[in-house]
Amino acid sequence: MKFTKILFAGIFAFSLATSAVAQDQEMTMDEYKAQLAEWQQREVDAKAAITNCEEETNKINDEIAALDGQINAAWDEIYNLVGGKDAVDAYRSELAAIEAEIDGLAALSPEELFKRRKEIDAVEEKLNGMKDSKVYALTEMQNKVASLEGKIARLRDSMPQAMYDEYTVVRGDYLWKIAKKDDIYGDPMQWVRIYSYNREQIKDPNLIYPEQIFKIQRGVGPSEYLVKKGDYLYKIAGMDDVLGDPTKWTQIYEQNKMVVGDDPNMIYPYQVLKLPE
């Protein structure tokens, strides 16, 4: 009897366990179906969202195309106002040519650049003339012109201090009179400076002619020396910024025989001497 009760109890417990397992499996399937349904809905929603995005993208592209059309129309109108697209292209090409000239000058040494400073003046004048064109109203062109003006300014800064101006002789002039003029030196004694600086033109300081063009020294260049009161060649050669060795005075003399003359002991204030390299 006792064994029967135990067997019955065991069978009853097994039945309960089997029922519970079946119930757990049924719940898992339900959850799976519910999750599957959720994923399917998400897929539907995602496809709908993609469709909406594509529609929005197409709309934006249409708007961009419309704006591009408006921009192009605006540029066409601007080009018409300044003479047409061909005029703009020609203007741009001319600026490029000017820039090439400036870059070519920039490759020169400072001294050579000074000798060719009239070319800088010509390029600058040409650049200033570009401002008279209607095309200059375009921001692109204003910026480019400003950039080239900066390049020209740097060219001028790289040159030695202005070494000379030019003076054209008129009838009745003589060196003393020219040197005395306020816009020259304002000092007649500096006629020697004009004479020595233009020895290739002036053979006799008492004989100058109308239309001769003299260089009027304004600043001492890197290879020049302006004689001062109390100077002599030995002293000049010994200066640190000249040759730094007084025994080399003969080099200065040989370089300036035309100016100094036969006696190296006789030099005068305001004579301009060329220094050896």
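The values are calculated or read from the model by the stated rules, or taken from the named source; none is laboratory data. The structure presented is a predicted model; accordingly, all values stated were derived computationally and were not measured. Ideal geometry is used to build each Cβ from the backbone, glycine not excepted, and the neighbour counts take in all protein chains shown.
At least 2 residues that are surrounded by 12 or more Cβ atoms within 10 Å (Cβ to Cβ), within 15 Å of the chain's Cα centre (by Cα) and polar (S, T, N, Q) in each: list the helices (runs of 4 or more DSSP H) lying fully within the range 52-162 that qualify. I'd like the intermediate steps shown before the answer.
Details: elements: 85-106, 110-115, 117-130, 139-158.
Passing ranges, in order: 139-158.
So which residues in the range 234-256 are farther than 14 Å from Val272 by Cβ and part of a helix (DSSP H, G or I), if there are any at all? Walk me through it before giving the result.
First pass over the range 234-256, keeping only residues farther than 14 Å from Val272 by Cβ: 234-235, 237-241, 243-251, 253-254.
Scanning the range 234-256 gives Tyr234, Lys235, Ala237, Gly238, Pro246, Thr247, Lys248, Trp249, Thr250, Gln251, Tyr253, Glu254.
Filtering the range 226-244 down to residues that are without any contact (Cβ under 8 Å) to a residue 12 or more places away in the chain and under 41 Å from the mean Cα position of the chain (by Cα), which residue is surrounded by the most Cβ atoms within 10 Å (Cβ to Cβ)?
Ranking the candidates gives Met239 first.
When you scan the range 218-226, do you find a residue that is aromatic (Phe, Trp, Tyr) and assigned to a strand (DSSP E or B), even just one?
Within the range 218-226 (the criterion being aromatic (Phe, Trp, Tyr) and assigned to a strand (DSSP E or B)), the answer is yes, since at least one residue qualifies.
Of all residues in the range 213-228, which are at pLDDT 95 or above and of a type outside the set (A, V, I, L, M, F, W, C)?
Within the range 213-228, just Lys228 meets the criteria.
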